[in-house]
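Before any comments, here is the structure.
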Ligand SMILES: Cc1ncc(COP(=O)(O)O)c(C=O)c1O
């Protein structure tokens, strides 16, 4: 049986032009720690944590144990009218992990996009239950990515990806994003401009909520902004009666150096979306976490004032059990310390690449490092992009540039030696392709 042949015959992959003559899918047979293994047993260092989901490492024995034990006990039960121990334990454990509020109310779904979809419905419906039906519009940041469902696409930046679906989307007002990097001297000016646009939109009194990826926009090129700016945004919105939704689908569970990105801020969102690293990257599950204030807006004897949303696999017990074990591992394995060590390697390596003229606009936050390969803006899916990806694969690691941005987001178990070695090989490749 040829996996590649039957894949080409039967399967349809995400974000893929199957008509491209060079489209091919590398069969991966197994994974362990920070490595994937192909059919020949060749190890590939997973420098993108398999689409930003893997945290403690692939096939972590403790997560496998949690998964199999739970599967043998209770695999699935409808979550409307029923509850179970793994979900309640997760609810309890996340209270102290999230902190800042007496209670966070957790609403389950299956992926990052649906966590965002729920957040949007929650914000709109809460405003209406509070007697503010005029608050029906959302604000978002240019370059923000929140997923592929219709609401998530509406509040997201498309890069052209959403153009074919434009007729399905609702209008959203966007604010320019004051991205910054090492030695950026213009950040104050960019922040002032964003805040002034934000104030104008808020003054309409029609804003239900704002959605943003705190500190780090992922898909638009690992674009970072300053904590003081985000604090300012949160304060202005909350003072104006708009709900603040943080999309921590990517930034959650350690990526930015703290367990959640909002832990680096003084302000707290009203609604928080989590997915990807929630189960350590092993099971698809997501959460929309609401403040008690938002939850209370739905309390009534009238069914139509409740949050009318749900999925077949809501709070799947196996996924909850894996999420519980994954959360505990952060303490048991002193994970934030490992992330700090990875961050140090990133900083040293990016300094060297910058000194050699191979990295522009370097930026690092926790386990994430990014830089632009060229000064010019490079679109997605160019031949150069595909070529770079294949050179990286041949060199033994998985890296997928976002346009002209190269980023590294390794699983937290990645050895410092492996990461340093990968940077050495990246430097050689970049020297080779230097214009
Ligand atoms: C910030 C952010 N929000 C939402 C999503 C969508 O998550 P999913 O792909 O699980 O639907 C992503 C995916 O990359 C993301 O980075």
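The table below lists the values:
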quantity: Residue under evaluation residue 206, criteria (1) touching a residue at least 60 places away in the same chain (Cβ under 8 Å); (2) farther than 15 Å from residue 369 by Cα; (3) buried (at least 22 other Cβ atoms within 10 Å of the Cβ), criterion not met; calculated: (3)
quantity: Residue that is farthest from the ligand (Cβ to nearest atom) [pool: residues in the range 16-69 that are on the phi > 0 side of the Ramachandran plot and either surrounded by 12 or more Cβ atoms within 10 Å (Cβ to Cβ) or touching a residue at least 60 places away in the same chain (Cβ under 8 Å) (or both)]; calculated: 33
quantity: Filtered residue count, the range 129-150, keeping only those that are within 13 Å of the ligand (Cβ to nearest atom) and under 22 Å from residue 223 (Cβ atoms); calculated: 8
quantity: Residue within the range 226-240 that is within 16 Å of the ligand (Cβ to nearest atom) and in a loop (DSSP other than H, G, I, E, B) present; calculated: no
quantity: Every residue from the range 246-259 that is away from the ligand (no atom under 11 Å from the Cβ) and either crowded, with 24+ Cβ neighbours inside 10 Å or part of a helix (DSSP H, G or I) (or both); calculated: 253, 256
quantity: Among (1) assigned to a helix (DSSP H, G or I); (2) in contact with a helix residue (DSSP H, G or I) (Cβ under 7 Å, 6 or more places away or on another chain); (3) buried (at least 16 other Cβ atoms within 10 Å of the Cβ) - the single one residue 364 does not satisfy; calculated: (1)
quantity: Options 29, 106, 44, 63: the member that is closer than 30 Å to residue 345 by Cβ, in contact with a helix residue (DSSP H, G or I) (Cβ under 8 Å, 6 or more places away or on another chain) and assigned to a strand (DSSP E or B); calculated: 44
quantity: Filter result (under 13 Å from residue 361 (Cβ atoms) and assigned to a loop (DSSP other than H, G, I, E, B)) within the range 401-421; calculated: 403, 404
quantity: Selection count where residues are farther than 21 Å from residue 236 by Cβ and surrounded by 13 or more Cβ atoms within 10 Å (Cβ to Cβ), scope the range 133-156; calculated: 10
quantity: Positions within the range 260-270 being within 16 Å of the ligand (Cβ to nearest atom) and assigned to a loop (DSSP other than H, G, I, E, B), in sequence order; calculated: 260, 269
quantity: Qualifying residue in the range 339-352 (condition: in contact (Cβ under 8 Å) with a residue 12 or more places away in the chain, assigned by TED's automatic domain parsing to the domain that holds residue 420 and under 20 Å from residue 99 (Cβ atoms)); calculated: yes
quantity: Any hit, the range 95-106, residues being without any contact (Cβ under 8 Å) to a residue 40 or more places away in the chain, in the same structural domain as residue 275 (by TED's automatic domain parsing) and within 30 Å of residue 268 (Cα to Cα); calculated: yes
quantity: Search result, residues across the range 109-144 that are touching a strand residue (DSSP E or B) at 6+ places or on another chain (Cβ under 7 Å) and in a loop (DSSP other than H, G, I, E, B); calculated: 110, 111, 135, 136, 142, 143, 144
quantity: Positions within the range 329-351 being surrounded by 15 or more Cβ atoms within 10 Å (Cβ to Cβ) and under 25 Å from residue 286 (Cα atoms), in sequence order; calculated: 329, 330, 333, 335, 336, 338, 339
quantity: Residue selected from the range 367-379 under the condition crowded, with 17+ Cβ neighbours inside 10 Å and touching a strand residue (DSSP E or B) at 6+ places or on another chain (Cβ under 7 Å), by the criterion modelled with the lowest pLDDT; calculated: 373
quantity: Number of the exception - residue 233 against (1) closer than 18 Å to residue 268 by Cβ; (2) out of contact with any helix residue (DSSP H, G or I) (no Cβ under 9 Å at 6 or more places or on another chain); calculated: (2)
quantity: Residues (surrounded by 24 or more Cβ atoms within 10 Å (Cβ to Cβ) and within 12 Å of the ligand (Cβ to nearest atom)) located in the range 273-285; calculated: 273, 274, 275, 276, 277, 278, 279, 281, 285
quantity: One residue from 165, 177 being crowded, with 19+ Cβ neighbours inside 10 Å and within 24 Å of residue 249 (Cβ to Cβ); calculated: 177
quantity: Subset of the range 145-163 (residues that are at pLDDT 95 or above and assigned to a loop (DSSP other than H, G, I, E, B)); calculated: 145, 146, 147, 148, 149, 155, 156
quantity: Unique residue being at pLDDT 95 or above and closer than 21 Å to residue 88 by Cβ when the list is 246, 295, 229; calculated: 295
quantity: Residue list for the range 172-215, filter: under 22 Å from residue 122 (Cα atoms), under 23 Å from the mean Cα position of the chain (by Cα) and part of a loop (DSSP other than H, G, I, E, B); calculated: 172, 213, 214
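The values are calculated or read from the model by the stated rules, or taken from the named source; none is laboratory data. Everything numeric in this text was worked out from a predicted model, so none of it was measured. Positions of Cβ are backbone-derived with ideal geometry, glycine not excepted, and every protein chain shown enters the neighbour counts.
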